[in-house]
Amino acid sequence: MSYFSQELDDSSPVRPTLPPVLFLRCHHGANIHRFGQPNSAAPVFRDVHWTVSEGENWAVVGSASGEKATLFQTLLGHLRISPPPPTSLFPMLSLDGSDPYQKISMVSFGNRARGSGAFYDYSARYGAVREEDRITLRESVFPETIDEVVGELGYRQREVQRANEEDMHYFEQLADRMGLTKLLDLPVVALSNGQTRRARVVKVILRKPELLLLDEPLSWCLFANICYLTHTAQLGLMCKRGRPCYRYYTSYTLLGAHALSWDCAYKTTYPSTKDEIERLVRESGGPSEQSKVYSGVPKVSVDHSGEILVDMNNVSVKYGDRTVLKAINWQIKGGERWHLVGANGSGKTTLLSLITGDHPQSYTQSSPLPASPSEPASQRHLRLFSQPRSRIPTPTLHSKIGVVSPELFDAFPRRTGLTVWEAVATGFEGVFSVPRNIVTSSGKPQRSVGGRVGEELTDSERQWREKRIWDVIEHLGPAAWATTGHDQILPVSEEFASRSFASLSVGEQRVVLLMRALVGQPPLVLLDEVWSGMDVSMINAARSYLRGESGVPGDGRGMGKDQAVVVITHWENEVPWSAEDGVKKFVLESGGGKVVQ
Ligand SMILES: Nc1ncnc2c1ncn2[C@@H]1O[C@H](COP(=O)(O)OP(=O)(O)OP(=O)(O)O)[C@@H](O)[C@H]1O
């Protein structure tokens, strides 16, 4: 089954510009520093020799957390190179008189960027679209086409102007290539994660950069289309990836690829020639990939006889005339492992938001469906932990479901000064803050372990929570994946527990949010794009924790036998359990859903 929504053909969008001249260089062993730091300070990257020339496409890979992001920041001009090349302010780019900052653009995996770090309500997109959020995808690309005027009756109304014909034509061609044509007049806020990312790529290509930086593109369904577009628009492409996965670079031989690994430069085993890449593709690609991941790994036995946690019968979601989910039947039982799969926009996030109770239509799944004259009327219902949504209080639901998702990553507050420990502790209640400065009966201040306002935890509950927090920090934290400190688990974990959540790298934040989802051992765990941003060592640690390999299953490590897990990913080899372990697949397609064994 292909999740690429479009096959590529030979007709290419016509780019109304001259071919770019791309020539990045950093030679003679330059050091890279943060702005404001003297040359005597330890550089971020030392003795760098690197030239990127016209026509090249690069994968930036490596295992050290945060370094790939720093490299991208360097390319975007946010770091300083010493000694600076003689030519320009923005040292890594050849100049032809135009603004160098326009020439390199980045599209990152973060969905709705909130630079401020303030909390925002991601569930807003599931409800009625607010007036200020009405702006459509087309309007967001051509804001000059919207003009607010005062109408005859004195109300402000929007008047749509015509955009530049040539630009609009090019935009429509690009949008078509990315499968966005039907979405152009939808409010931007209603787009799915993948649709939003594709729209961002189109917007960036319209600005005509010479180099496009993609952050974690391989988790994106339409990466092949992106490769194709960047090629036809004659851009350089540079991708950042925690783990190498070359087949997507080479499935379309339009691209060559080079791998650069800062942390293991010169001893890298990553391929650097097309032949090497093709050999890797042959060896690691295709259907055998899944079985290779699990070869030699002890089997996990998934139990399908647990109690029903989620029961969907004829569940549907509509926005006006637009049906997103229709007549979904799905039961999730305690102990089961599910892989939820479907193309961008097929309704995976919507389905999860019904389960988490965030979607307003989770309350309205109980009415009889209008039956066609030929069919008997069928009831529909959504039962969460045996209750309709309206009967289960939201805090109860939140404490029963551990979630990791792009929405949560975007929404989790960065400004409130939470430490890693506190961020993990928010997982017991599934909230975004914890009570602070806890003083116990002995009068000693203690670290917060969560809890509801006005409800005191018993000593044994408090001890269990502390033990759980340590457990996830030790097994998923730096002691499990950092290159140093293996022999001193406690100090490494202690130090990590005290760090500020906001100061962590993206990969570390994602790991902490996974800890948060698992800490309370909730009956149901939803893992949506859980590996995004993580490095390969973090993924390996998390994977083996989830499978119970880092301890005896059921002793408090990894997933308990009664916990159910739903993993959402486009790639089978990203699911921590194999078909042989008993994982089941639920596929969303054209609005419908079915179990595929
Ligand atoms: N308020 C809305 N009005 C109209 N359509 C909407 C609205 N909200 C979401 N949609 C549409 O619902 C569909 C399903 O979105 P959803 O986010 O569930 O997809 P998804 O499968 O999670 O996609 P992705 O893989 O990109 O994350 C999308 O086509 C989206 O455009």
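Here, each number is a calculation from the coordinates, and none is a lab measurement. Everything numeric in this text was worked out from a predicted model, so none of it was measured. Every residue, glycine as well, gets a Cβ built from its backbone with ideal geometry; the counts of neighbours run over all protein chains shown.
Beta-bridge orientation, region 308-596: approximately 55 percent antiparallel, per DSSP, counting only bridges with both partners inside.
In this structure, the amide hydrogen of PHE45, modeled 1.01 Å from its nitrogen in the peptide plane, lies closer than 5 angstrom to those of ILE32, counting only residues at least 5 positions away or on a different chain. Close amide H contacts of LYS333 (hydrogens built in the peptide plane, cut-off under 5 Å, sequence separation of 5 or more or a different chain): LEU309. Proximity of backbone amide H atoms, modeled 1.01 Å from N, is registered between THR426 and no other residue at under 5 Å, excluding neighbours fewer than 5 places apart on the same chain. Among the listed pairs LYS103/LYS182; LYS103/LYS348; LYS203/LYS584; LYS348/LYS467; LYS318/LYS561; LYS326/LYS584, a Cα-Cα separation exceeding 32 Å is found for LYS103/LYS348; LYS203/LYS584; LYS348/LYS467; LYS318/LYS561. The C-alpha radius of gyration of region 308-596, expressed as a fraction of 2.2 N^0.38 Å, stands at 1.05. Provide the FRET efficiency to the nearest 0.05 for the LYS561-LYS594 pair, computing r from the beta carbons and using R0 = 30 Å. Rounded to the nearest 0.05, the efficiency is 0.65. Once both labels are positioned 7 Å from their Cα atoms along Cα-to-Cβ, the gap between SER305 and LYS467 label points is 2.8 nm. With a Förster radius of 45 Å applied to the beta-carbon distance between ASN39 and THR323, the computed FRET efficiency rounds to 0.15.
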